[in-house]
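Each reported figure results from applying straightforward, stated rules to the coordinates on display, with no laboratory input. Nothing here was measured: the structure is a model prediction, and the numbers come from that model. Here Cβ is always computed from backbone atoms with ideal geometry, including for glycine, and neighbour counts include all displayed protein chains.
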There are 4 protein chains.
Amino acid sequence: MARKKKEIRTDIGWSDADHITVFGRDFPNEILGHLNLGDMGFLELTGRFPTPAESRMFNAMVVTLVEHGITPSAIVARLTYLGAPESLQGAVAAGLNGLGTVFVGSIEAVARMLYEAMPVADPQADVAALARQVVKSFAESKRIVPGIGHPVHKPADPRAARLQQLAAENGFDGPYLRLAEAIADEAGRSLGKVLPMNATGAIGALCCTMGFDWKICRGLGVMARAVGLVGHILEESRRPMGEEIWHHIDEIATAHMRPGAGEEKQ
Amino acid sequence: MARKKKEIRTDIGWSDADHITVFGRDFPNEILGHLNLGDMGFLELTGRFPTPAESRMFNAMVVTLVEHGITPSAIVARLTYLGAPESLQGAVAAGLNGLGTVFVGSIEAVARMLYEAMPVADPQADVAALARQVVKSFAESKRIVPGIGHPVHKPADPRAARLQQLAAENGFDGPYLRLAEAIADEAGRSLGKVLPMNATGAIGALCCTMGFDWKICRGLGVMARAVGLVGHILEESRRPMGEEIWHHIDEIATAHMRPGAGEEKQ
Amino acid sequence: MARKKKEIRTDIGWSDADHITVFGRDFPNEILGHLNLGDMGFLELTGRFPTPAESRMFNAMVVTLVEHGITPSAIVARLTYLGAPESLQGAVAAGLNGLGTVFVGSIEAVARMLYEAMPVADPQADVAALARQVVKSFAESKRIVPGIGHPVHKPADPRAARLQQLAAENGFDGPYLRLAEAIADEAGRSLGKVLPMNATGAIGALCCTMGFDWKICRGLGVMARAVGLVGHILEESRRPMGEEIWHHIDEIATAHMRPGAGEEKQ
Amino acid sequence: MARKKKEIRTDIGWSDADHITVFGRDFPNEILGHLNLGDMGFLELTGRFPTPAESRMFNAMVVTLVEHGITPSAIVARLTYLGAPESLQGAVAAGLNGLGTVFVGSIEAVARMLYEAMPVADPQADVAALARQVVKSFAESKRIVPGIGHPVHKPADPRAARLQQLAAENGFDGPYLRLAEAIADEAGRSLGKVLPMNATGAIGALCCTMGFDWKICRGLGVMARAVGLVGHILEESRRPMGEEIWHHIDEIATAHMRPGAGEEKQ
């Protein structure tokens, strides 16, 4: 009859009057001044400090996702700030809500695809053969292969090439990155297009190389974009565009219903 | 009759098929691999790269705000993930919504207070005299002086001492930090309590030293906490506490209304 | 080379100096004072005014979803208000973020399941046969049949029975509701349990009866819960529980890490 | 040393296997089928059922706030849905985040202003004299009088006139509505403009007439807009404008930075 109770437990950290302990470390003295913000993200995801190579690679991965100019999330943050300038956190929160399956969520889709094809990184794997299986399976179930091509960056996403270069320099150009590239090649070939691995494709592969759960991979984008949206709100506070976006879009979207619309528009 | 149009303009960045330009830089080649995530935040707030000292100081400021164990924002993110595990970004967004005037917003209140007392950093300022004016003004208008004392960390917030140390090492222990300390001293004296400058007090003073608009200062907390909340959601996905929090709190909160409550409880 | 432009167009409404037109109606004079809030929701979903029977049924459907005491969404709204009391809208927004696939999203899963089994309401349909196919298909793909059983309300969800009664009184007890009941019967039989149709099951079936897109069905829950969460924030502003929830959960969740935890707890 | 515990208690409702009690009522049998969605909102705010006149008036107040075409909140919801179509609740949540001090929050500012001027509704009050004091006080502290004028609806907001008519028909045209009108007259006179009471002005006054806490008054807007935003997302799912808004705004906002911009634009 009585409810079966479950445990309420965290291992992330605790504090009392004079201690703050985070992942087993003395937070003020062992972490502050020692880790940069990206390293702190790595600690959150792994429970340990990054090596210097991991620090360089992980920071590059998240920095990639901070800023891409006037994105939907930036417009959302700015329009939210227009109505609630007292609530910067609400504007950022609103902007983050759109980082779903269509945009940043593709990192997670890539990581899942790669883990399903190669559960453990195998340096001997025949990535071309695995890629053929993956592309075939996606085609059969009419799913779109994630992490390849880009609506704007054609033929190639310049961020992906740079991430590959950094991966090579830091020792992360292992089986998952090679598999992701092979999948992009195979998908392009099967569709008769040039569809190189894009930035989220590279980041998804690097997440696998670092051993992150695929479920958490869009978290890199969420961490990162929060940083970028604060920058957009700062610019909005100095040079606002929100109000003009509103009226401009309203005029376009409702023009066909306004008096006299029929004559002018036909 | 016609609406007066305003400008829609950003200076943050633009991209085309093969370029991504952010704050005037070639994003893939000049930023990726060169800036860490905190540096990227500094770039968003200032439009320029940090110096090495600024990089160390700014990263320490934001890392301070990433993690503090089971905070309200962490509980919120976990309970949101319980209902919508497909939407990690929504769980982080929900958690960020609470970073308002009571918690992280105090950074902004500190920065505003310091800028009003000393609009430009003045190495010759009599900070004790300024502090007396500030504390008197807050007392007269029955406002609470922000950035001092802490409900848990007594007598002193260990993060504040560490930030002061890092400020001294990196050359940020200037007039604003001295003024913030003087205000804490004066407020404690006038109330007959020990109320040292806390972490948000130190960060607010450092924001002024770096010249950030006070309106954007809670943005440091928003950037930072997004990183920490991803870590909480990862732990929640592996060792969930959300469902038990729900039932446990429901039982406590409704016990007085349930049948037989009167007899047992009296 | 040039981007192919798409249309930006709404048919919901427009306004100018002295008109506000919504779904083709003079909003102040034809809608205000004529429609209640639920009717307005019906208008948003269908573009037309409800009949008296539709008004009674739709209002009952959404009212069902307004309030269920201390839910995760209510705790989330309260904890968010604790940190940002200046931003009631942010607290409600945070609470709504959790209405995903696990809770209110089940309405959408029910509607989708019913539409796939019976694309058009067919009074002659053999609902028992369709139910057997549905339950078999869910079992084969190891998916859980949505809209049946309840963790608290056993054996039966009292809201479902009441919604069935109202459906009968207002003429909505057609093929979709019969199919949903048949699926609950069949699923219970195949699992050897009593798993009656629950409230979201009934509402999902009624959404199909009203012809709503399955993609929008969780929208009824979102509309409704926004109303309830405002009530929770009002109570929180008068009798706060957020701060105590925070400290209470923190103490439980971190007890095992605190000094001396080993001795006491073993 | 030990933390002083506070109470965790709700009086909104509780449930067990076969009961759901809300505000002391049997929820399935006394509320479902008896209250419409607006009435349920009234119950959340007052703890009691509305009278027929209160039901008509309160429903009109909230319906007023459901829909106003392409607002910033509607654009935000649509752009969020573009990135996360799997998360309707996140799109609505994002849209609600903008209902702050600038837009819907003005209801709360009106209610606060009226309560401060006349703490208890006084049928004998000299509303013209009170209005002069209010307008003088706002002018002296350089604050803008809320609830008057409208950027689009000139000279008068047609919703306000209709709400006044409904208030008269239902017996809510008491001292607070008269005071709000007097303040609008006085503010217009002192500024040499025509600034009639707008919709949020009327709703704020009606909130006072109904005795709502001013802190909760923007909650009416939040409840209501959640209903409208579901309608916008439905239209977005059928006739999307989000992607075109993104690219269109990006092109305008970044045109000055693109190669060749100098020549064309000078």
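Miscellaneous remarks
- In this simple spin-label model, placing a label point 7 Å from the Cα along the Cα-to-Cβ direction at both D:Arg258 and C:Asp213 gives a separation of 3.1 nm.
- Put simply, the stretch B:31-75 fits an ellipsoid with semi-axes of 25, 11, 9 Å; these come from the alpha carbon gyration tensor as the roots of five times its eigenvalues, largest first.
- Per residue of the protein assembly as shown, the DSSP helices (runs of n ≥ 4 H) give a summed -39500 (n - 2.57) that works out to -17500 deg cm²/dmol at 222 nm.
- Selected from B:Val76, B:Leu166, B:Gly41, residue furthest toward positive end of dipole (the stretch B:36-176; charges at beta carbon): B:Val76
- Semi-axes of the equivalent ellipsoid for the stretch D:120-179, computed as √(5λ) from the eigenvalues of its C-alpha gyration tensor and ordered from largest down, come to 22, 20, 7 Å.
- When each of the peptides D:198-211, C:25-38 is scored by how many other beta carbons lie within 10 Å of its residues on average, the order from highest to lowest is D:198-211, C:25-38.
- Using a Förster distance of 22 Å, the FRET efficiency for B:Lys193-A:Asp16 (Cβ separation, nearest 0.05): 0.65
- Likely footprinting exposure, C:Arg239, D:Arg258, B:Arg178, fewest C-beta neighbours within 10 Å first: C:Arg239, D:Arg258, B:Arg178
- Ranked list, fewest to most other Cβ atoms within 10 Å of each Cβ, for C:Glu140, A:Glu7, B:Glu244, D:Glu44: C:Glu140, A:Glu7, B:Glu244, D:Glu44
- Under 5 Å from the amide H of D:Gly13 lie the amide H atoms of D:Phe23, each residue being 5 or more positions distant or on a separate chain, with H modelled from the backbone and absent for Pro and chain starts.
- For D:Ile148, residues with placed amide H under 5 Å, excluding near neighbours: D:Asn198
- Counting beta carbons within 10 Å around each of B:His19, A:His150 and listing the fewest first gives the order B:His19, A:His150.
- Entry note, chain D: relative contact order of 24 percent, from Cα contacts under 8 Å with a spacing of 6+ residues.
- Computed from backbone phi with θ = phi - 60° and the Karplus coefficients 6.51, -1.76 and 1.60, the 3J(HN,Hα) list for the stretch C:37-49 is 4, x, 4, 5, x, 4, 4, 4, 8, 10, x, 9, 6 Hz; x is used for glycine and proline.
- Normalised by the number of residues in the stretch B:111-232, the mean separation of alpha-carbon contacts (under 8 Å, six or more apart) gives a relative contact order of 34 percent.
- Counting only the Cα atoms, chain A fills a convex hull of 262 Å³ per residue.
- Each part reduced to its alpha carbon centroid, the stretch A:118-154 and the stretch C:191-226 end up 37 Å apart.
- Each residue of the stretch B:73-86 was assigned a 3J(HN,Hα) from its phi angle through the Karplus curve 6.51 cos²θ - 1.76 cosθ + 1.60 (θ = phi - 60°); the sequence is 5, 5, 5, 4, 4, 5, 5, 6, 4, 4, x, 9, x, 7 Hz, with glycine and proline shown as x.
- Rounded to the nearest 20 debye, the dipole size of the stretch A:186-266 about its Cα centre is 500 debye, using +1 on the Cβ of Lys and Arg and -1 on the Cβ of Asp and Glu.
- Prolate/oblate/rounded label for the stretch A:34-143 (Cα gyration tensor, a/c 1.5): oblate
- Ranking A:Ala255, A:Met241, A:Leu177 by how far each Cα lies toward the positive end of the dipole of the stretch A:143-266 (charges on Cβ) leaves A:Leu177 at the top.
- Taking every C-alpha pair closer than 8 Å and separated by at least 6 residues, the mean separation divided by the residue count of the stretch C:1-139 gives a relative contact order of 10 percent.
- Dipole magnitude (debye, nearest 20) for the stretch A:86-243, charges at Cβ of Lys, Arg, Asp, Glu: 340
- Taken residue by residue and averaged, Cβ atoms of other chains lying within 10 Å of the Cβ of C:23-36 number 6.
- Within the stretch B:1-61, the ratio Rg/Rh, alpha carbon atoms throughout and Rh by Kirkwood, equals 1.17.
- Shielding by partners for peptide C:41-49, expressed as the average number of C-beta atoms from other protein chains within 10 Å of each residue's C-beta, is 4.
- Net lengthening on full extension, D:Arg48/D:Ala168 (0.36 nm per residue, minus Cα-Cα): 40.9 nm
- Inter-chain neighbour count for D:51-58: the average number of beta-carbon atoms from partner chains within 10 Å of each residue's beta-carbon is 1.
- Calculated P(r) of the protein assembly as shown - Cα pairs past 57 Å, %: 11
- In chain C, lysine pairs with alpha-carbon atoms under 25 angstrom apart (chain gap of 8 or more, or interchain): 8
- Put a plus charge on the Cβ of each Lys and Arg, a minus charge on the Cβ of each Asp and Glu, and nothing anywhere else: the dipole of the protein assembly as shown about its Cα centre is then about 0 debye.
- Cα gyration tensor shape for the stretch D:107-213, rounded if a/c is under 1.5, else prolate or oblate: oblate
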